[in-house]
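Beneath this line is the structure, given in structure tokens, with notes to follow.
Read-outs throughout are calculated quantities, based only on the coordinates presented, and are distinct from any laboratory measurement. In this text the structure is predicted, and so the values were computed from the model without any measurement. Cβ placement follows ideal geometry from the backbone for every residue including glycine, while neighbour counts extend to all protein chains displayed.
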Amino acid sequence: MKDVAVSDVRTFALLGHTASGKTTLIDALLYKMGVNDRQGSVDTESSMADYTDEEKGRKITIHAKSFSGVYSAAGRKHGMVMCDTPGFMDFFGQVILATRAVESAVVLVDAHSGLQVGSHRSWKQTEAMKMPRAIVISGLDRENASFEKTLEAIQSSWGPQCLPVTIPQADLKGVSDILGTVAAADTADARTRLMEVAAETDDALIEKFLAGELLTAEELASGLKKAFLKCSFVPVFACAAPKNLGITELLNGITRIFPSPLDRPMVNAEGKPVAAGPEAPFVGYVWRTVNDPFMGQLTFVRVCGGTLRSDLEAVNVTREGKERMANALDVNGRKQAAVETATAGDIVALAKLKNTKLGDALCAAGTLVTFAPLAFPHPVIWQSVVGKTQADEDKIGTALARVTDDDPTLHVERNTDTHETILSGAGDVQLAVAVERMKKRSNVEVVLSTPKVPYKETVTARGEGHYKHKKQTGGRGQYGEVYLRIQPRPADDDEWFEDAVVGGVIPGNFMPAIQKGFVEGMTRGPLAGCPVTNVKISVYDGSYHDVDSSEIAFKIAGARALKDGMMKAKPVLLEPIMTVRITVPDQFMGDVNGDLSHRRGRVVGMESDDGHQVILAEAPQAEMFRYCAELRSMTGGKGSFDMSFARYDIVPSNIAQKIIAEAAKHKQEEEE
């Protein structure tokens, strides 16, 4: 940042439950620093942070975005680089991206609503990254809001190390700054507690404190900064952003306590710190990519060390290619300004890079640094996606690639079992936003629908199959006869096929054709036309004709003998079973458990986590395609869940009969 030393740069992300006031606080901070000439508002669609059409329409943050400005305190300029993040659970992947690009985090808790699922999830994210964090108690201007009750709940859930550094005044006309040089009478006890925390970080300070001497403001801030870095101290600020209450005190606290990139340098894939000084070799981390409708691909780079210059030719260490660092931009919402240089802590957008993707490392020539790969939660919703018209279908691949580039928690795959293109993600709102984006940016309209369940078929007993393929049409005919045994394949047996023929009743040169017939037959089982899995097939007898036998004849005989054998070996349908982890407040436990039983789910365990109940269950995927929306409705948005594939299991017979009947009906319609 121009004219600001790296030691005076502060980078942090704002996290929290949806509607906890993150975007409102960002707008207040930008206004206070003079980045914006007025304080934006989500309600009036003038927010500098939520500026996209999707965000204005839904009045929620969808994309993580970085902002920067300069704040002067105590005669020094401080660079403030901050990220706004979504609170809506569908977009938690954006929180993961943002926390990889900053040194610290600020978790917002609304004083009216208190701790919610998103609050705890944000806190856990910072804990997992061992990231220094602060708390802002927001919404103090709302009716029935209580700073004291909220602070008590925070300390009960997250620990006594969460201590206030600003306290709202009784008339809500201001806040008392406990870190200030002059302590007010009503904050004496709180300041003493902070001095105790600060003193514990330094032998000289502890001696002074035990001697009954007061720490100076500088000593207090120095000690608290050390404790903050070690996560043994979590400062709690009071704010009411719409009324500009506590904003100055928050900025002052950030300058005093939060670390600079020199204090907490970024670490590489091996966990080693990256040299952050401006004289060090340049190292940058790509934490976000955006398809801008006017500028094309924008690559957002967090400078980890060294100096990025507009004429620098960097190496993409991840992909082993070179990139020219031209067209560097400082982006604040819709405002963009060209920058010539950037140092550690700065986030800049680079246009027109050739082959740089999310998570890549850009380095000066001769420097080899890589970063740990990103890890996102499993998808919890799957939808089949097709173009609305044939013209849309022709362009759907490009449109899907663009939206998945913008949001790495969206996944697109082709299910080879059901022959559908599947779009999956973290929730129905996320998929709805993706559909809107495809229409707006790629002029592609798509239709989402519940995908087919990828059922499979197998056998539960041993059976024998036989088929003689004999065809005479004049001239050379077709002849091949196969006898086989089929049974469930043991888990420790890697071989599914066995040639047990003796005496040359089937020449060895026809055995590959028989095996091909089995492979082809296993793509469509005899029950519902689903792929066959976990079977062991042994060919033990057969016959051939010197003239009429051929590879095609034995291939047909093998496929039909397989079908015959499967029908005699007690075939069953298999369905995917998912492991589900559901987090809900206590009052929704009964509803959620009852709903799970209706979905053929089975609760396998329960545990408590931060005042919420966690239900561990298993449920068929067929019953869980729409669970994210239904859980949100059931819990008023206070429940969340994660889901992953566990195994395949047998479909109950009453349900299997319906599936088989539907498959037979569909096959008949295709034949007609």
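Sort 454-463, 654-663 for me by packing, meaning the mean count of neighbouring Cβ atoms within 10 Å per residue, highest on top. The partial results should precede the final answer.
Numbers: 454-463: 19.2, 654-663: 13.9.
Highest mean packing first, the order is 454-463, 654-663.
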Beyond 13 Å, the calculated P(r) of the stretch 302-341 holds a percent of Cα-Cα pairs equal to 61
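Based on a Kirkwood Rh over C-alpha pairs, give the Stokes-Einstein translational diffusion coefficient of the stretch 608-672 at 25 °C and viscosity 0.890 mPa s in µm²/s. Numbers along the way, then the final one.
Values: Rh = 15.2 Å.
Answer from the Stokes-Einstein relation: 162 µm²/s.
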Cα-Cα pairs in the stretch 359-398 separated by more than 11 Å, as a whole percent of all pairs, come to 77
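Mean shadow of the stretch 300-436, computed from the convex hull of its alpha carbons, in nm²? Don't skip to the answer; put the middle values down first.
Values: hull surface 42.8 nm².
Result: a mean projected hull area of 10.7 nm².
Taking a cut-off of 20 Å, what percent of all Cα-Cα pairs in the stretch 1-89 are separated by more than that?
Working: 1360 of 3916 pairs.
The answer is 35 percent, as a whole percent.
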quick shape note, the stretch 522-582: Cα extents on principal axes in Å, largest first -> 65, 19, 17
Sequence order, the stretch 642-653: Karplus ³J(HN,Hα) from phi using 6.51 cos²θ - 1.76 cosθ + 1.60, θ = phi - 60°, Hz rounded, Gly and Pro as x, gives 10, 9, 8, 5, 10, 5, 9, 9, 5, 6, x, 4
In degrees rounded to 10, the 0-90 angle between helix 147-158 Cα long axis and the longest Cα principal axis of the chain is 50
Short to long, in 5 Å steps from zero, the percent of alpha-carbon pairs of the stretch 6-257 per bin is 1, 6, 14, 18, 20, 18, 12, 6, 3, 1, 0, 0, 0
Between the alpha carbon centres of the stretch 156-222 and the stretch 470-547 the gap in Å comes to 80
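Sort Leu484, Leu115 so the one with the fewest other Cβ atoms within 10 Å of its own Cβ comes first. Walk me through the numbers before you get to the answer.
Working: Leu484 26, Leu115 21.
Least crowded to most crowded, the residues run Leu115, Leu484.
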Quarter of the surface of the C-alpha convex hull for the stretch 461-569, i.e. direction-averaged projected area in nm², equals 6.8
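In deg cm²/dmol, rounded to 500, what helix-only [θ] at 222 nm does the chain give when every DSSP H run of at least 4 residues adds -39500 (n - 2.57) and the total is split over its residues? Numbers along the way, then the final one.
Working: 16 runs with 191 residues, N = 672.
Result for the chain, helices only: -9000 deg cm²/dmol.
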Sequence order, the stretch 595-609: Karplus ³J(HN,Hα) from phi using 6.51 cos²θ - 1.76 cosθ + 1.60, θ = phi - 60°, Hz rounded, Gly and Pro as x, gives 5, 4, 5, 5, 8, 6, x, 9, 6, 10, x, 9, 8, 9, 8
Rounded to two decimals, the Rg over Rh value of the stretch 574-654 from Cα coordinates and the Kirkwood Rh reads 0.97
Once amide hydrogens are built 1.01 Å from N within the peptide plane, the residues lying 5 or more places from Glu457 or on another chain with amide H under 5 Å from its amide H are Val532, Thr533, Leu574
Inverse of <1/r> over all distinct C-alpha pairs of the stretch 381-449, i.e. the Kirkwood Rh in Å, gives 11.8
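What are the semi-axes of the equivalent ellipsoid for the chain, taken as the square roots of 5 times the Cα gyration tensor eigenvalues, largest first, in whole Å?
Numbers: eigenvalues 718, 163, 110 Å².
After scaling each eigenvalue by five and taking roots: 60, 29, 23 Å.
Report Rg/Rh for the stretch 283-364, rounded to two decimals, where Rg is the Cα radius of gyration and Rh the Kirkwood radius.
On the way: Rg = 11.3 Å, Rh = 12.3 Å.
Radius of gyration over Kirkwood radius for the stretch 283-364 works out to 0.92.
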